[in-house]
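Only one structure is covered here, and it is reproduced in the block below.
Just so you know, all these numbers are worked out from the coordinates, no wet-lab data involved. This one's a predicted model, so the numbers in the text were calculated from it and none came from an experiment. Here Cβ is always computed from backbone atoms with ideal geometry, including for glycine, and neighbour counts include all displayed protein chains.
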Amino acid sequence: MYWKKQTHEQIKETIFAALSQNLDYRGEHPILGIPGTYLDTAEFYPDAPFLKDAPYMSAMVRNPNHIGVHTLSEKSVLEIFEGTQKIEKDLIRLCAEEIFNGDPGQQDGYVATGGTEANIQAMWIYRNFFRKEFGARIGEIGLVYSEDSHYSMPKGANILNLTSIILEVDKDTREILPHSLESKIKTAMDEGIKYFIVIANLSTTMFGSVDDIDMLGDFFTNMNAPFKIHVDAAYGGFIYPFTNPTSRFTFQNPYLNSITSDGHKMLQTPYGTGLFLIRKGYFDFVKTDEAQYIPGKDYTVSGSRSGANAISMWMILQIHGSEGWKYKMETLCDHTERICKRLTGMGVEFFRNPYLNIISIKAKYISSELAHKYYLVANSYEFEPTWYKIVVMPHVKQGTIDSFLMDLEGELKARQMR
Ligand SMILES: *Cc1c(COP(=O)(O)O)cnc(C)c1O
């Protein structure tokens, strides 16, 4: 993985050059047929002086539409926004090939609204894949995921009419229990499920636990059951590949077919930046032929979407370079490690994956006052919580961590837990 860091000046030049390759609604071109235009000028006036130094804001005000998937062909989808669509194409290439180690030119992708959409996009593609390639009936397709998975899985299953198969995890290690996998899949097969869309978490939201993609792939291979694995790296996609040099979550792993990686979690981009990446050849299963008025057809759940979102992701990756981003993510992990050492010293039980910045502490050590004071998130708001989590994000200051640990230690002493 390597890409060089760029200066603000270089990034600005690239973005403004891309914007100037787009047709400007304000320019000389006779744009008569497009149901889009610049932002309303009563509020978003284009001659605001700061805009000339603000490429992302300029992109927002110019309002390019990135509808469609731009990696599919050389030809642009909506030609008038060709300039910034090329930035998105470069973003997809960078993420697929540098971060997730894909072979050159062998992946497609787009910037979805978020992890929810990217996960549903994957389920939609594989559902149609099994129907078209295997003649599967809807009732024969199962969606397999662990009980710690994000709720976009049941949401997607509901929308797409898939049968959910929910795997149990070990209560302490949060690993999928092999006997649960075996028995749930056997039961599903007995009930007529023949095709499996399998979700592997590259970190669950609650625990930062990472599913064993090879164990899942080997299991379904041995069962001789047709399956496709989608990786939900909505949370971990922009940290784990940088902190774990031997990650199994790359396109070199044949079990990984597609991946969700949110910009708006670890990459600190604006909301609306959920990256979806997939091996070439799969988008065709969701081609909407009825999208007659779009020259390149549509292949996405979202339809029209802001080009500025793709630009924001590209800019952040470029300003840091791969080395800079790696340093930043490793630093978060170092801070997390330091907290873990202190917790261990206090005799507090917790779960943490060493390559991630999430610590889940067993709830018995944390009073609800303490949880409230530090905005800790519980694993359940419906039932009595069993875990509270800390997420060591870039805004978390060492001072805050210190005072949390002091408060915790005080409470534990008072309750004679140490
Ligand atoms: C946040 C998250 C999602 C959903 O992403 P949105 O961007 O909120 O739609 C899905 N899966 C995981 C693991 C997440 O952390």
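Tell me whether the range 79-320 comes out rounded, prolate or oblate; compute the Cα gyration tensor, take square roots of the eigenvalues as a ≥ b ≥ c, and use a/c under 1.5 as the rounded threshold.
Oblate.
If you add up the charges near Glu337, with Lys and Arg at +1 and Asp and Glu at -1, over every other residue whose beta carbon is less than 11 angstrom from its beta carbon, what do you get?
Result for the local shell: +2.
DSSP loop (so not H, G, I, E, B), at most 14 other Cβ within 10 Å: list which GluC sites (Glu not before Pro) in the range 65-174 pass both filters.
Glu74, Glu147
Over all pairs of distinct alpha carbons, what does the Kirkwood formula give as the hydrodynamic radius of the range 98-165, in Å?
Radius from the Kirkwood sum: 13.4 Å.
Over the range 79-320, what is the relative contact order in percent, taking alpha-carbon pairs closer than 8 angstrom and at least six residues apart?
It comes to 26 percent, rounded to a whole number.
Place a point 7 Å from Cα of Asn158 in the direction of its Cβ. Which residues in the range 115-152 have their backbone N less than 15 Å from it?
116-117, 120, 150-152
Taking only C-alpha pairs under 8 Å that are 6+ residues apart, what is the relative contact order of the range 322-417 in percent?
Relative contact order, the range 322-417: 25 percent.
State the volume of the convex hull built on the alpha-carbon positions of the range 322-417, expressed per residue in Å³ and rounded to an integer.
Spread over its residues, the Cα hull of the range 322-417 gives 99 Å³ apiece.
As a footprinting exposure proxy, order Lys413, Lys228 by other Cβ within 10 Å, with the fewest listed first.
With the sparsest Cβ surroundings first, the list reads Lys413, Lys228.
Along Cα→Cβ, 7 Å out, is where each label goes; now give me the distance between the ones at Asp402 and Ser73 in nm to one decimal.
6.1
Rg and Dmax in Å for the chain, alpha carbons only: what are they?
Every Cα atom of the chain included, Rg and Dmax give 23.1, 77 Å.
Based on Cβ point charges of +1 for Lys and Arg and -1 for Asp and Glu, what charge dipole magnitude is obtained for the range 322-417 about its Cα centre, in debye rounded to the nearest 20?
120
Taking the chain as a Gaussian network, Cα atoms linked when under 10 Å apart, which of Lys287, Lys171, Lys297 shows the biggest mean-square fluctuation?
Maximum fluctuation in the GNM of the chain, among the listed residues, is at Lys171.
Pairs of alpha-carbon atoms within less than 8 angstrom and 6+ residues apart define the contacts here; what relative contact order does the chain have, in percent?
Answer for the chain is 19 percent.
With r defined as the distance between the Cβ atoms of Thr37 and Phe16 and R0 fixed at 22 Å, what FRET efficiency is calculated, to the nearest 0.05?
0.60
Between beta-carbons, use under 11 Å as the cut-off and find the net charge around Glu140, counting Lys and Arg +1, Asp and Glu -1.
Net charge around Glu140: +3.
Of Val396, Val301, Val348, which has the largest mean-square fluctuation in a 10 Å C-alpha GNM of the chain?
Looking only at Val396, Val301, Val348, the largest GNM fluctuation is found for Val396.
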